[in-house]
Each structure stands twice: as C-alpha cells, then as structure tokens.
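To keep things clear, I will list the structure first and then write my remarks on it.
The values are calculated or read from the model by the stated rules, or taken from the named source; none is laboratory data. In this text, all values refer to a predicted model and were calculated from it rather than measured experimentally. Don't worry about glycine lacking a Cβ; one is built from the backbone with ideal geometry, like all the others, and counts go over all protein chains shown. Just the protein is used for accessible areas: all its heavy atoms, side chains included, with ligands, DNA and RNA removed. Shrake-Rupley method; radii C 1.70, N 1.55, O 1.52, S 1.80 Å.
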Amino acid sequence: MHVGLEHYLTVSFLLFALGMLGVIMRRNLLVIYMSLELMLNAANLALVSFSRFNDNLNGQVLVFFIITVAAAEVSVGLALIVALYRRRQSAHVEDLTTMKL
Amino acid sequence: MEHLQNLISETTLPDMMFYVFATLTLGFGALVIANPFSRNPVTSAMFLVLTIISMAGLFVLLHAFFLAAVQIIVYAGAVMVLFLFVIMMLDLKAEQHRKIKKVAIVAGLLSVGAIVCIFLKSLHATNFNAHDSPTTEGDTALLGKLLFSQYVLPFEVVSVLLLVAMVGVILLSKKDLK
C-alpha cells in the first residue's frame, strides 16, 4: 500500500496518545515533562506531513517556530522544577498537594 | 503467500523506510513513558533522544531536510542535554521505589484509548484532497526566503521570547526568590 498522508497522521496520533498516557500515568515531574515533549513532537509531525502533502511550505515554518518556543518552554519549565525541588526536596506530583482541601 | 509477495514487490524503498522509522518512533516513545526494566528518568531521557532521532528520519522522508537537522540539533542536542543536567542535579533515588498506580494505568488506558478511537474514526471519515505525488521540498534556501520575507515579524518576536525565557530562567535560579 502506498504511504500517504493518512499513514503519517496515524503515526502522529499514536505518538500523541503515548505522550498523553505518560502524562496521566507517570508521577515523576521530569517524566511528565518528557511526555509533554513527545506530544509536541507529534503535533510537529502532523504539521510537516500536512505541509508536504498539500504542497505548502507554511507548515514547516510553523514547525520551526514551535521548536523555538519549545526550547524556551523547556528551559523555563526545568528551572521551575529545580526551584520547586530546592524548596520541597521532591520531584513527585503526589508530594505537591498544597492546594488540596 | 502470493498476496504477500505482491505486497512486498509493490512497496517502494521510501515506503519501507517509513514503516521502519514509524515502528522505531512509536517503540522508543512507548519505552519513554513505561520502561519495564527501569524506572530511572535517565533511561526515559535516553529513549526520548532515540524517539527524536527516528522522528528526524520521518522528516527526511517528508523531504523536510532543514527541519530534520534542526530536530536533531535543537531537540536531541540542546533540549536533552538540559534534561540530563536537571536529572543529574536532582536526587531521584526515591523515585525507583515508587510503583505506577494501577488506577492510573486503567484510567490512562481508558481515556487515551477513547481519544485514539476518535482520532482514527475522524481520519477514516475525512477525505483529504492531498497530492499523490507531492513536490514540496523543505530545503534551507526556500525556508530561509520564506522566513525573512513573509514571516519576518514572527521571527523577530521569537527572538524577544528567547530573551524573556533567558531572563526568567536566571531569575528563577536565584537562591532567594523575592
């Protein structure tokens, strides 16, 4: 069977689902963050395949911007995690229940 | 048997490479979120690097050469080094004794399974007016021209965003936050 847009979109969907499963299932902040990266990458794959199969380069420019924003987001997020760890000595979401009634 | 042989003779090399890279991407991605042998975040990070590299292979198959290079340099290089540094700074020994809760697994599988069903159903129902033989080439020259003509304002705004992120990180990493 000829590989087309549907195949790439299926891979992108499944990768997004894996990332979401990681966010729901894991309790370590760093692993949750990595799963978020996985979801972001899945969106990138979908955009690149749309760009390829619709003969339009704008999608790839968008992916370029997403990668830049993701790099900035990772640096700020990891700094937040380190600051949190310094205060609480834990990177585990179950230990962060200050807002619980 | 003959059907299988027909299938193999009809599959071209890029198509075969697609299946290889797609399997690798999804397999490594699964090992990022749930590795049966190790609960250590370092192994997750390493498998995330492999996921990103096999994804760059998919980008090459989509003729997005520039993005494949950026993916490897920025993600597998810079972002993952940042992750590994942070993992090194935090003491995560306690993590290895914690188990994944059964409720979380069931809830996760249920919700994610439902979403995958919706995804695949909508994919099945959509009629794409996509080209059968696309000609778009994502090479550096074309992307650069687009970036510095049509998208020059977002490009400049992104540089401000990077500056803001840098200032934010320096502020956050100060010892006594006020």
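The portion of the accessible surface of the stretch B:99-154 made up by carbon and sulfur, rounded to a whole percent, is 68 (1.4 Å probe; DNA, RNA and ligands excluded). Taking chain B as a Gaussian network, where each spring joins two C-alpha atoms under 10 Å apart, which residue of B:Leu110, B:Leu146, B:Leu13 fluctuates the most? Of B:Leu110, B:Leu146, B:Leu13, the Gaussian network model singles out B:Leu110 as fluctuating most.
How would the stretch A:15-57 be classified by its alpha-carbon gyration tensor: rounded, prolate or oblate, with rounded meaning a/c under 1.5 and the a/b versus b/c comparison settling the rest? It comes out prolate by the Cα gyration axes. Coordinate range of the alpha-carbon atoms in chain A per principal axis, descending: 52, 27, 21 Å.
List the pairs from B:Lys93/B:Lys175; B:Lys99/B:Lys121; B:Lys99/B:Lys174; B:Lys101/B:Lys175 whose alpha-carbon separation is above 26 Å, in the order I gave them. In this structure, B:Lys99/B:Lys121; B:Lys99/B:Lys174; B:Lys101/B:Lys175 exceed 26 Å between Cα atoms. Pairs of Cα atoms in the stretch B:38-178 fall into 5 Å distance bins, from 0 up to the last occupied one, in shares of 2, 7, 8, 10, 14, 17, 16, 13, 8, 5, 1, 0 percent.
Among B:Val70, B:Val103, B:Val167, which one moves the most in a GNM of chain B with springs linking Cα atoms closer than 10 Å? In this elastic network of chain B, the residue with the biggest mean-square fluctuation among B:Val70, B:Val103, B:Val167 is B:Val167. Looking at the stretch A:1-57, the accessible area is 29 square angstrom per residue; that uses a 1.4 Å probe and ignores ligands, DNA and RNA. Legend: residues A:His92, B:His63, sorted from most to least accessible area (1.4 Å probe; ligands, DNA and RNA excluded), read B:His63, A:His92. Surface composition of the stretch A:24-101: carbon plus sulfur atoms hold 66% of the accessible area, using a 1.4 angstrom probe and ignoring ligands, DNA and RNA. Between B and A, roughly 7300 Å² of accessible area is buried in total, ligands, DNA and RNA not counted and the probe set to 1.4 Å.
Comparing the full protein assembly with the isolated chain (1.4 Å probe, heavy atoms, ligands and nucleic acids excluded), the residues of the stretch B:24-42 losing at least 40 square angstrom of accessible area are B:Leu26, B:Ile33. What residues in the stretch A:21-40 lose 20 Å² or more of accessible surface when the other protein chains are added to their chain alone (1.4 Å probe)? The answer is A:Leu21, A:Ile24, A:Met25, A:Arg26, A:Asn28, A:Leu30, A:Val31, A:Met34, A:Glu37, A:Leu38. Take the Kirkwood radius over Cα pairs of the stretch A:55-101, plug it into Stokes-Einstein at 25 °C and 0.890 mPa s, and you get 185 µm²/s for translational diffusion. Calculated FRET efficiency, A:Asp95 and B:Ile170, Cβ-Cβ r, R0 30 Å, to nearest 0.05? Calculated transfer efficiency: 0.65.
Size descriptors for the protein assembly as shown (Cα atoms only): Rg and Dmax, in that order, 20.4, 73 Å. Counting only protein heavy atoms and a 1.4 Å probe, chain B has 63 square angstrom of accessible area per residue. When the Gaussian network model of chain A links Cα atoms closer than 10 Å, the mean-square fluctuations of A:Leu36, A:Leu21, A:Leu47 top out at A:Leu21.
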